[in-house]
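Before any comments, here is the structure.
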Amino acid sequence: MNGILAKKLGMTRIFTEDGDSIPVTVLEAGPCTVVLHRTKEKDGYAAVQVAFGEQKVQRTTKSYAMQFKHLVPELEKSSGENKEGKRTESSPWKSPKGVTVPRYLCEFDAEDVSAWPVGKEYDVSIFKVSELIKVSGISKGHGFSGGIKRHGFHRGPASHGSHNIREPGSQSAHTYPGRVFPGKRAPGQFGNKNVTIKNIQIEKIDAERNLIFVRGSVPGPKNGVIVVRKG
């Protein structure tokens with residue numbers, strides 16, 4: 001397995017033996033459960049689908065919840081289907097109470113898919129200290145932002161009569177081309193995008209609490225879901 005799902009807990013610092021302070025981000029990685037195998041014969045590629053976190057089945061749709069009926073027996077009993085997959089009841093499906101299903105899903109590559117059977121759990125033990133990894137997450141959304149906040153533009157003079165304090169300024173020529181070229185830096189939607197950072201070093205691993213301490217910052221807000229892959 002070359003990756004795991006994690007939750008971003010926040011940032012702190014750790015100190016080396018020499019007394020150096022290293023800023024780190026704390027990730028709660030796993031435990032994750034294998035829920036499905038992707039095969040070349042059926043899907044065209046080989047991968048392992050894993051699940052992370054839990055949520056009440058009432059907060060999901062039937063199509064989402066029933067894909068985990070091989071892991072949650074209560075779902076198969078309430079599906080109203082027999083062993084042949086046919087409906088045996090005319091009443092609509094009712095989600096069972098007190099049952100949880102996985103909340104987040106992700107697929108990872110595995111050298112030997114057979115070594116990761118469905119239902120197997122794994123944790124941070126697949127990583128090592130000082131290993132280089134890459135993390136992916138959805139960055140914080142800032143909504144519609146101006147050029148200063150979005151691109152780091154300089155502001156104009158704030159003296160009397162100025163009309164260009166925080167405005168973007170000139171956009172294009174008046175005659176030719178007479179329009180704004182696509183891709184020009186301007187105000188607009190800022191953040192809320194999938195960001196990947198490569199070659200982040202693992203500084204510390206707490207196997208008892210499933211924590212990974214990685215050097216530097218990680219995209220996303222606190223409690224955001226992070227995809228951690230081996231570099």
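Values quoted throughout were computed directly from the atomic coordinates according to the rules given, and no laboratory measurement underlies them. Source: prediction; values computed, not measured. Counting neighbours? That spans all protein chains shown, and the Cβs are built from the backbone with ideal geometry, glycine included.
Around Ala46, under 14 Å between beta carbons, what's the net of Lys plus Arg minus Asp minus Glu among the other residues? With Lys, Arg at +1 and Asp, Glu at -1, the net is -3. Take each peptide in 151-159, 68-76, count the other Cβ atoms within 10 Å of every residue, and average; sorted highest first, the result is 68-76, 151-159. Shown here: Cα Rg over 2.2 N^0.38 Å, derived from the displayed model; of the candidates [x] 1.41; [y] 1.16; [z] 0.97, it corresponds to [x]. Each peptide among 36-45, 116-125, 168-177 gets the average number of other Cβ atoms lying within 10 Å of its residues, and from highest to lowest they stand as 116-125, 36-45, 168-177. Across the range 146-190, C-alpha contacts under 8 Å between residues 6 or more apart give a mean separation that, scaled by the residue count, equals a relative contact order of 43 percent. For the chain, the 222 nm mean residue ellipticity estimated from helices alone, with every DSSP H stretch of n ≥ 4 adding -39500 (n - 2.57) and the total spread over all residues, rounds to -1000 deg cm²/dmol.
Cross-linked pairs Lys40/Lys120; Lys40/Lys222; Lys7/Lys42: Cα-Cα separations exceed 30 Å for Lys40/Lys222; Lys7/Lys42. Taking Cβ atoms as reference points and 14 Å as the exclusive limit, the residues near Ile212 contribute a net charge of +3, counting Lys and Arg as +1 and Asp and Glu as -1. Amide H contacts under 5 Å for Val35: Gln49, Val50, Ala51, Gly119, restricted to partners 5 or more places along the chain or on a different chain, H placed in the peptide plane at 1.01 Å from N. Determine which residues of the range 184-216 fall in the zone a paramagnetic label at Ile22 would reach in this model, i.e. backbone nitrogen under 14 Å from the point 7 Å along Cα→Cβ. Residues passing the 14 Å test: 200-206, 212-216. Give the relative contact order (percent, whole number) for the chain; include only Cα pairs under 8 Å separated by 6+ residues. Reported relative contact order: 30 percent.
Whole-Hz Karplus values for the range 104-119 come out as 10, 10, 7, 10, 10, 7, 9, 4, 10, 5, 5, 7, 10, x, 5, x Hz, taken residue by residue from phi with 6.51 cos²θ - 1.76 cosθ + 1.60 and θ = phi - 60°; glycine and proline positions read x. Sequence-ordered 3J(HN,Hα) estimates for the range 41-54 from the Karplus curve with 6.51, -1.76 and 1.60 and θ = phi - 60° stand at 5, 9, 10, x, 7, 10, 7, 10, 8, 10, 10, 9, x, 9 Hz, glycine and proline given as x.
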